[in-house]
1. A:Val17 is checked against (1) modelled with pLDDT of 95 or more; (2) under 21 Å from the mean Cα position of the chain (by Cα); (3) under 27 Å from A:Met155 (Cα atoms) and fails just one. What number does that condition carry?
2. With the condition being closer than 28 Å to A:Asn165 by Cα and over 15 Å from the mean Cα position of the chain (by Cα), I'd like the helices (runs of 4 or more DSSP H) fully within the range B:162-255 carrying at least 2 qualifying residues.
3. Quickly run through the range A:151-209 and pick out the residues that are hydroxyl-bearing (Ser, Thr, Tyr) and either within 23 Å of A:Leu139 (Cβ to Cβ) or in contact (Cβ under 8 Å) with a residue 24 or more places away in the chain (or both).
4. Taking into account only those residues within the range B:391-418 that are of a type in the set (Gly, Ala, Ser) and surrounded by fewer than 16 Cβ atoms within 10 Å (Cβ to Cβ), which is farthest from B:Ser228 (Cα to Cα)?
5. So for the range B:327-347 (the condition being more than 13 Å from the chain's Cα centre (by Cα), touching a residue at least 24 places away in the same chain (Cβ under 8 Å), closer than 30 Å to B:Lys193 by Cα and not in a helix (DSSP H, G or I)), does at least one residue qualify?
6. Just one of (1) away from chain B (no Cβ under 14 Å); (2) over 24 Å from A:Glu126 (Cα atoms) trips up A:Ser10, so point out which.
7. Out of the residues in the range B:145-161 that are among the β-branched types (Val, Ile, Thr) and under 26 Å from the mean Cα position of the chain (by Cα), state the one that is farthest from the other protein chains (Cβ to nearest Cβ).
Amino acid sequence: MKRFLLYILSVSLVIVVLLFATDYLYTSVYKKNITNSKFQFVRGFKDKKINYIFLGSSRVENNINPKIITNITGKTAVNFGFQAARLKDIMLLLELIEFYNIKSEKIFIQLDYIYNMPEGNSHIMEYQLIPFVNENKALNTFFQNKKDDFFISKMPFLRYALYDNKQGIRNITSNIFKKSNLFTEYNGYCPKEGSVLNTTYALPKKLIEKNKIFDSMRTFVKNKNLNVTFFCAPIRKDTEHLNYISQLSDKISNFKDLSLVLKDELLFFDNLHLNNNGATKFSKLILD
Amino acid sequence: MLFNSLLFLAFLPTAFLLYWFVFNKKLKTQNCFLLIVSYIFYGWWDYRFLALILFSTIIDFFVAKAIEKTELKKKRKHLLWLSLTVNLGLLGFFKYYNFFIESWVEAWQDLGVEMHSSTLNIILPVGISFYTFQTLSYTIDVYRKQLKPTNNFIEFASFVTFFPQLVAGPIERASRLLPQFQKARQFNYESAKSGLHLIIWGLLKKVVIADSCAIYVNSIFSNYETASSLTLVLGSIYFAFQIYGDFSGYSDMAIGIARLFGFDLMRNFNYPYFSRDIAEFWRRWHISLSTWFRDYVYIPLGGSKVSKLLQVRNVFVIFLVSGFWHGANWTFLVWGFLNALYFLPLLLRQKNRKHIEMVKISSFSNAFKVGFQMLSTFTLTCIAWIFFRADTISIAVNYIKRIFTFNYKIEYLSIERYSVELLLLIFFFVLVEWFSKTKEEPISGKLEYLRVIVCILIIFVLGSYSNPQNFIYFQF
């Protein structure tokens, strides 16, 4: 029995060492690459200075082309929008901008129905954060309330195993061989093509009264002395409860309501997203 | 409690240590401990199932004793029928009640008679098909006077509920397993180590091969109407490896776990995809079920010692029953029917026992011949697997029809992966199995320490954990 237990123990020890090594290898590959995921792209701006940073959901990622802004103003701009991002994700990005020492002249934050979603976060972004979970306090805190937190942050390699379909061997191979992505070509912007006209969408009828995460965001902005402007990107006019945006405008002091600046339906991909033509037009308009 | 769950990862070492360090003094305490552990393991799914298994255990324990006590042929037969009725009645009710009601109503509706079905919301108790067959073998063997019944209820209950093989086999015969509960187990290093190797290899087959294939299979089968021929062919190949990795992986783990506790279970799979004909395939696939049907259905029907016509009938009976054992769906019956059809030419030409030994390559020309035989057997198996996997017969037929549209486009599936991506993994897996086909698993032997490490690392790196899949055979 003693021999058997020693056999298991020695195998386990070697495996733990190898898991640490594999974890290190994976993390190094993810840290070295700045083009495979949007978050790697964000990290790539460490210690850099950019004039304009845009934060928000897909309504930023698909709607604002920073290259057009740079062409018009001569100032650098970057789109840090994430698919399905919520307030928690935006808050985290603000903290990370500080942590990565990304200096900016102005930060634009897109707000809409996500104001009514103080809970929850973007799973797309969450997957991309996995390799960097132990990199800083902000990311560590972000994962603290997740059910797999212990395995994700403390156990070697288990985060790559548990999220194997997003951050496993297939993605590692892609990180090694794939050199660019759509968002790297357009400074974070991902264009959408065409128009789907028969869609419908209803915004919430009423604004929620209390929003702790938004309040902490405002406090953070104030404490760090960041120059932040909130805005709402265009919404197709057939969307229900457009009055919701007016309520948002009334509630937030430095809020620019741009929801109705584009009237032509053909500039929209669907109710909430612009197509490439719409995004080109909106990117020209936004700094006015 | 699944073998590939974190809960089981805590359960198994705890049970192992308690068994060998605390409850190892006497046979009685060893068996009592195993019985409690097995009930905890089984009750974890649903504690209500425990009543059912306990009922079945009590019936068979006392029926077997009553059979032993009497020499009256008629009484012995009645007692056997009692056991068969109770066991098969429970199985029939839980597994087939809704199927029969729905099929009955559908049949009348086809004739234009409107009927209302009243199906019950019945939960299928996990492993009922497996433990029912195991207990049946006990009463039948006692009836045939091939086995002496035990007078020790704990021993018998431990045999029925032995947790490593309780929910998905191997279906053990009482004549093989029960005596192992009647002798105190001594720890054996070599046996425990080989058990550990089997557990690791079984887990690799489950989480690396089967679960990876499952992601592709689910995507391909749910979008088969728009998929290309190549994708559909790959879908059936992936399913062949999914079900093999899943079921043989479970069996390996079951045998391995049993060895950790000092038990020796029968081998359930013996590299079935290296078979040269369908008869050989059935000697290597789910061996415990095939031999069960052989001994308790095929031979009592006359086996191969009757006229050719009756032999053909027997083959169809055994394959159809085997198909139906898998589940209450017509697709399983067609799967069984197809296998009977494949088997028939071999039976009629008396070539069904041609390939008994494991395949060997002796020359280049032999390699070509054997390769062709294995490939054609595998192709036939894959066609049958389509029926096994599809929800309905018409889906399976349409799936096969679409394969013959000869569209060989490599497709990007809904799971954001190319259809051919998994072929490399399958290729390496087949290669590893080929070079270890004379052994129980590929780990033991030279450099086994290194092999253990590599396999565990592969389980971590290539395992599919984000889409955990239940063991397919749990539903049977």
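The values are calculated or read from the model by the stated rules, or taken from the named source; none is laboratory data. Everything quoted here is computed from the prediction, not taken from an experiment. Glycine gets a Cβ as well: all are built from the backbone with ideal geometry, and neighbour counts include every protein chain shown.
1. If we test A:Val17 against (1) modelled with pLDDT of 95 or more; (2) under 21 Å from the mean Cα position of the chain (by Cα); (3) under 27 Å from A:Met155 (Cα atoms), just (2) comes out false.
2. On the way: elements: B:163-166, B:174-181, B:189-204, B:211-222.
The helices (runs of 4 or more DSSP H) meeting that bar are B:189-204, B:211-222.
3. Going through the range A:151-209, the residues hydroxyl-bearing (Ser, Thr, Tyr) turn out to be A:153, A:160, A:163, A:173-174, A:180, A:184, A:186, A:189, A:195, A:199-201.
Across the range A:151-209, the qualifying residues are A:Ser153, A:Tyr160, A:Tyr163, A:Ser174, A:Ser180, A:Thr184, A:Tyr186, A:Tyr189, A:Ser195, A:Thr199, A:Thr200, A:Tyr201.
4. Kept after step one, since they are of a type in the set (Gly, Ala, Ser), are these residues of the range B:391-418: B:394, B:396, B:414.
Next cut, surrounded by fewer than 16 Cβ atoms within 10 Å (Cβ to Cβ) only: B:394, B:414.
Numbers: B:Ser394: 18, B:Ser414: 13 Å.
Only one residue fits best here, namely B:Ser394.
5. If we filter the range B:327-347 for residues that are more than 13 Å from the chain's Cα centre (by Cα), which is where we start, we get B:328-347.
Filter once more, so that each one left must be touching a residue at least 24 places away in the same chain (Cβ under 8 Å): B:328-332, B:334-335, B:338-340, B:342-344, B:346-347.
Next, only the ones that are closer than 30 Å to B:Lys193 by Cα stay: none.
No, the range B:327-347 contains no residue that is more than 13 Å from the chain's Cα centre (by Cα), touching a residue at least 24 places away in the same chain (Cβ under 8 Å), closer than 30 Å to B:Lys193 by Cα and not in a helix (DSSP H, G or I).
6. (1)
7. Going residue by residue through the range B:145-161, those that are among the β-branched types (Val, Ile, Thr) are B:150, B:154, B:160-161.
Remaining after also requiring under 26 Å from the mean Cα position of the chain (by Cα): B:160-161.
Numbers: B:Val160: 28, B:Thr161: 25 Å.
So the residue we want is B:Val160.
Listed here are the residues, each with its yes/no results for (1) within 18 Å of B:Val359 (Cα to Cα); (2) out of contact with any helix residue (DSSP H, G or I) (no Cβ under 6 Å at 6 or more places or on another chain); (3) within 10 Å of chain A (Cβ to nearest Cβ).
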{"site": "B:Leu423", "(1), (2), (3)": "no, yes, no"}
{"site": "B:Ile443", "(1), (2), (3)": "no, no, no"}
{"site": "B:Val452", "(1), (2), (3)": "no, no, yes"}
{"site": "B:Ile456", "(1), (2), (3)": "no, no, yes"}
